[in-house]
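The structure appears below as structure tokens.
The values are calculated or read from the model by the stated rules, or taken from the named source; none is laboratory data. What you see is a predicted model; the values in this text were computed from it and never measured. Reconstructed Cβ throughout: ideal geometry from the backbone, glycine too, with neighbour counts over all protein chains shown. Note: accessible area is taken over every heavy atom of the protein model, side chains too, but ligands, DNA and RNA are not part of it. Shrake-Rupley method; radii C 1.70, N 1.55, O 1.52, S 1.80 Å.
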Amino acid sequence: MASYLFLCLFLFFPHLYASSSSGSHSCSHHEAASLIQFKNSFSITQTVHAVRYCSHIVGFQSYPKTNSWKEDTDCCSWDGVTCHHLNAHVIALDLSCSRLYGNFPSNTTLFHLPHLQKLDLSYNDFNLSKIPSDFNNVSLKFLDLSHSNLSGPVSRSLGNLLQLTDLDLSRNQLSGQIPRSLGNLLQLTDLDLSRNQLSGQIPLSILNLTQLEYMRIDGNTLEGSIPDEVTAFPNLISLDLSGNLLSGTLPSWLYTAPSLKEIYLSQNQFSGHIKKFQSKSPELIWLDNNKLQGPLPSSIFQLLNLTLLSLSSNNLSGVIELSMFSNLPNLNYLDLSHNSLSLTSNSTSSVNHILPNLIAIFFSSCNLSEFPQFLKGLKSLESLDLSCNRIEGKIPQWMQEVGNDSLSYLNVSHNSLTEVEHFPWKNIAVLDLSSNLIRGNLPIPALTINAFLISNNSFNGEVSSLICNASFLRILDLSHNNLSGTIPQCFGSLSDSLEFLNLMKNKFYGTIPPTFAKGCNLSNFNLNGNLLEGPLTPSIFNCKGLEVLDLSNNKINDTFPHWLGSLPQLQVLVLKSNHMHGSLCVNSSKSSPFFSKIQIFDLSSNYFSGPLPVGYINNFKAIINLEKIGSTVSYMGMYDYEGSAFYTYSIGIAMKGQYVELVKIFTMWMIIDLSNNQFEGEIPKVIGKLNLLKGLNLSHNNLNGGIPTSIGNLTSLEWLDLSSNRLSGTIPNRLADLPFLSSLNVSENQLHGQIPQGKQFNTFGNDSYEGNKGLCGFPVSKGCNIIEPPPPNVLKKDGSKSNIAFGWKVVLVGYGCGVVFGMSVGYVVFQTGKPKWLVNLVENQHEKRRRRKSK
């Protein structure tokens, strides 16, 4: 019994055996000194990112293991160090999640450990160091440098580690090409280069890795085709090349590799047909977001082990009878969305013989005209997407039994549904009914609701305060309906969970809820286009994370809310078309960084007066490019900690003389619109500091003086509207050097002299200058040999609002179903259109497998 216990300890807990069995053997002084020197190369720090990954993803506690490393003690007893049980040589070093920070020494003393077989330095911060080029004399079998903030190329010297079986360099900032020398690692079974910045083609030498079982190079910018050889990778189990720029046809070995179970090739540019699968081993097939075409091969319906099939967002065509999936008893995830496929279902087929185990179905844009009959009886369904089809009428009665206790995600948006009686699903988290024709009162979803989206319908009546019982509600979008009454006061109390509240384009009246809870979590608050009155409530200041505030097109009567300037995250403020008044002057002696992150500042069509707000302009640090935005995302919205979009923000704004309703806000858009007010005085020169400004509209005010030459510094400017003021002098020639200026309007002023010529100015028509009798030169008909006095003031002397039309003609509302990839169809769903639980499941499976293997 004792010998059996000893054997178990040796096999399953070798690190314990190694430490305890080295009683009479201490590690050599040379090895201990090398480890101490390596320890002294770094400091100890604690980054939130590393701690979160270690605890939530890896399941390990992050702590400084090297704190136990003391001189004159046996290094075999140190945390993270494993010694050979007979000779006490250091054979393994695990410093993962050890909070190490500093530059990785190019001549690291780790190379002085000649018996080292396993090295794990993952989840530390090596401060953008390069991988040392001297990995020549170390007898490593396992090397993990993932999540360690490394940069530069993948060192060619890694190809000299001929005993290596596991190599993980994932989630760093490595760049350049994959070195051909990796093809020398003939013993390699696990290769992970994912989530870096690698480019170029996959080297042909990778075909040498015949022992490879797991290959992950996803999340890079690799291009070209996958190396092909019919007999390649006979032992490969999992392949992940998703999220690259790979092209060409799918390699022939993909259909024949005898052990291949997991195929992740989504989000590339693969083309051609899907060919016949000769191997029956595939269990997961991700081919979505490519350019694949043609029909589905019949061999797919013979993959008996298949549990997941994702083919969305390709150019696949043909008719699919859903009973063809009857041979796939293990299938639980099916995504055929956004192709040119037509799905048909024989209503007489028994559900139990078609898709008995499905828990996730995505049939968006599949040319459906009704709810598929095969859904009947799927009581375990968790996610269902039937958006962007031609389904009419009301949700059928039998749908109440579909996933009654399990359905958490339902998307039937962009159809022609007309009636919804109630929501029977007890555990629904995401419910999207947007862009239908639904009338009637607003039903209340289950208390478990997380995202409730009913925009672009015809719901009417008042919103019941019962909706505030949904304490998990994060996203509520009731925009573009006919809802009326007052806004429920309880929305203010709900704000501790609510992050996104969009009531745009309804008929709400009364005042904004007066009380927003301390700890308010709102990041986007949109009341645009209602009938709201009264002043703003200062309790909005409790929403410290507020990024977008749009109160435009109401009847709000108040002076400018200067206190909004202290909201630390506010990026978009739109107050246009209200009854707001008074001066925007601010006490410049105040040290508070007013509006330091503001990017869109729209106060147009109000009654503001006095000089332009120089104090605020000086504090627009994000536009001046003093406040680093530091954003790696393209659009403003709700993101997870890895940068995947939950929901993107939208606003309505004037751009280049046209009103545009933006369904997404680019993070780099910088716009100031103070038009149609009663501002007076000169345009301040300080406006030339706004380096990143893309749009400036000061039209329809009472501004005088000249156009400051400093506007010529705004090299990012795309549109400039100074029309309908009392500006005089000449148009500065420096404006002709603005490289992106595509829209200019200085009409109805008192300008004179020659219009600048060349470059962008050659593209502007006469309407950009009309009403300035003193201007001459192209494109106006008047030549520049006649000098006339400046014309009289064209505005009313009392400074009241001009009646001149804005020329806003085009309204872009929403987006169609044809715009798929990257559009805001996710909510608590990622950009790939998959529910978060699924993406996390895949990521965690990869991570757990990797950690198990490393142990």
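Scan segment 343-377 for residues that are within 23 Å of Asn290 (Cα to Cα) and at pLDDT 90 or above and jot them down.
Taking segment 343-377 as the starting set, the residues that turn out to be within 23 Å of Asn290 (Cα to Cα) are 343, 360-368.
Ala360, Ile361, Phe362, Phe363, Ser364, Ser365, Cys366, Asn367, Leu368 - these are the residues of segment 343-377 that are within 23 Å of Asn290 (Cα to Cα) and at pLDDT 90 or above.
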Inside segment 570-583, the number of residues satisfying the requirement of being open to solvent by 10 Å² or more (accessible area, probe 1.4 Å) and touching a residue at least 60 places away in the same chain (Cβ under 8 Å) is 1
* Asked: Does segment 437-451 contain any residue that is open to solvent by less than 20 Å² (accessible area, probe 1.4 Å), outside the structural domain of Asn524 (by the TED database) and under 20 Å from Asn554 (Cβ atoms)?
  -> no
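Hand me the list of strands (runs of 3 or more DSSP E) wholly inside segment 619-715 holding 1 or more residues that are modelled with pLDDT under 70. Spell out the reasoning first.
On the way: elements: 637-639, 645-648, 651-655, 658-662, 671-673, 678-682, 695-697, 702-705.
Ranges flagged: 637-639, 645-648, 651-655, 658-662.
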Being closer than 28 Å to His89 by Cβ and open to solvent by less than 40 Å² (accessible area, probe 1.4 Å) narrows Ser151, Ser157 down to just Ser157
Practice task
Could you tell me whether any residue of segment 758-765 is more than 20 Å from Asn697 (Cα to Cα), open to solvent by 30 Å² or more (accessible area, probe 1.4 Å) and at pLDDT below 95?
Solution key: yes
ask   = Does Phe13 meet the test of being at pLDDT below 90 and open to solvent by 20 Å² or more (accessible area, probe 1.4 Å)?
value = yes
Margin query: Looking for something among the hydroxyl-bearing types (Ser, Thr, Tyr) and open to solvent by 10 Å² or more (accessible area, probe 1.4 Å) - is there at least one such residue anywhere in segment 382-397?
Written below: no
Within segment 219-269, restricting to residues that are among the small types (Gly, Ala, Ser) and within 19 Å of Pro282 (Cα to Cα), the one that is surrounded by the fewest Cβ atoms within 10 Å (Cβ to Cβ) is Ser259
Within segment 708-744, of all residues that are among the β-branched types (Val, Ile, Thr) and open to solvent by 10 Å² or more (accessible area, probe 1.4 Å), the one farthest from Lys597 (Cα to Cα) is Thr730
Checked segment 302-328 for anything surrounded by fewer than 19 Cβ atoms within 10 Å (Cβ to Cβ), under 28 Å from Phe233 (Cα atoms) and not polar (S, T, N, Q); matches are Leu304
Residues of segment 755-777 being part of a loop (DSSP other than H, G, I, E, B) and farther than 16 Å from Asp721 by Cβ, in sequence order, are Ile755, Pro756, Gln757, Gly758, Lys773, Gly777
Checking Leu378, Leu343 in turn, the sole residue that is in contact with a Cys (Cβ under 7 Å, 6 or more places away or on another chain) and either in contact (Cβ under 8 Å) with a residue 40 or more places away in the chain or of a type outside the set (S, T, N, Q) (or both) turns out to be Leu343
All conditions in (1) open to solvent by 20 Å² or more (accessible area, probe 1.4 Å); (2) assigned to a loop (DSSP other than H, G, I, E, B); (3) among the aromatic types (Phe, Trp, Tyr) are true of Tyr509 except (2)
Item checked: Meets criteria (buried (at least 22 other Cβ atoms within 10 Å of the Cβ) and assigned to a loop (DSSP other than H, G, I, E, B)) for Leu86 -> no
Matching residues in segment 489-506 (within 23 Å of Asp602 (Cα to Cα) and part of a loop (DSSP other than H, G, I, E, B)) number 5
When segment 535-569 is checked residue by residue, the ones that are acidic (Asp, Glu) and crowded, with 20+ Cβ neighbours inside 10 Å are Glu547, Asp550
Output for Cβ contacts, cut-off 9 Å, separation at least six or different chains, first residue under 11 Å from Leu741 (Cα atoms) in segment 755-766, second of a type in the set (D, E, K, R), reads Lys759/Asp737; Gln760/Asp737
Of the residues in segment 426-436, those that are in contact (Cβ under 8 Å) with a residue 24 or more places away in the chain and either open to solvent by 20 Å² or more (accessible area, probe 1.4 Å) or not polar (S, T, N, Q) (or both) number 5
Residues of segment 111-159 being small (Gly, Ala, Ser) and assigned to a loop (DSSP other than H, G, I, E, B), in sequence order, are Ser122, Ser133, Ser139, Ser146, Ser148, Ser155
Considering only strands (runs of 3 or more DSSP E) wholly within segment 350-469, the ones with at least 2 residues that are of a type in the set (A, V, I, L, M) are 360-362, 430-432, 451-453
Note on Ser298: of the conditions (1) open to solvent by 10 Å² or more (accessible area, probe 1.4 Å); (2) in contact with a strand residue (DSSP E or B) (Cβ under 9 Å, 6 or more places away or on another chain), unmet is (2)
| task | Determine whether segment 238-258 contains at least one residue that is more than 33 Å from the chain's Cα centre (by Cα), in a loop (DSSP other than H, G, I, E, B) and over 21 Å from Asp166 (Cβ atoms). | result | yes
Those residues of segment 729-754 which are free of Cβ contacts under 8 Å to residues at least 60 places away in the same chain and part of a strand (DSSP E or B) amount to Gly729, Leu744, Gln750, Leu751, His752, Gly753, Gln754
Flagged pairs (Cβ under 8 angstrom, 6 or more apart or on separate chains; first in segment 716-727, under 20 Å from His752 (Cβ atoms); second buried (at least 24 other Cβ atoms within 10 Å of the Cβ) and of a type in the set (Ser, Thr, Tyr)) are Asp721/Ser675; Asp721/Ser699; Leu722/Ser699; Ser723/Ser699; Ser724/Ser699; Asn725/Ser699
query = Is at least one residue of segment 127-143 open to solvent by less than 10 Å² (accessible area, probe 1.4 Å), under 27 Å from Ile44 (Cα atoms) and among the acidic types (Asp, Glu)?
reply = no
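Pick from Ser242, Ser281, Ser225, Ser205: which is under 29 Å from Asp335 (Cα atoms) and touching a Lys or Arg at 6+ places or on another chain (Cβ under 7 Å)?
Ser281
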Only one of Arg180, Arg195, Arg216 is open to solvent by 10 Å² or more (accessible area, probe 1.4 Å) and touching a residue at least 60 places away in the same chain (Cβ under 8 Å), namely Arg216
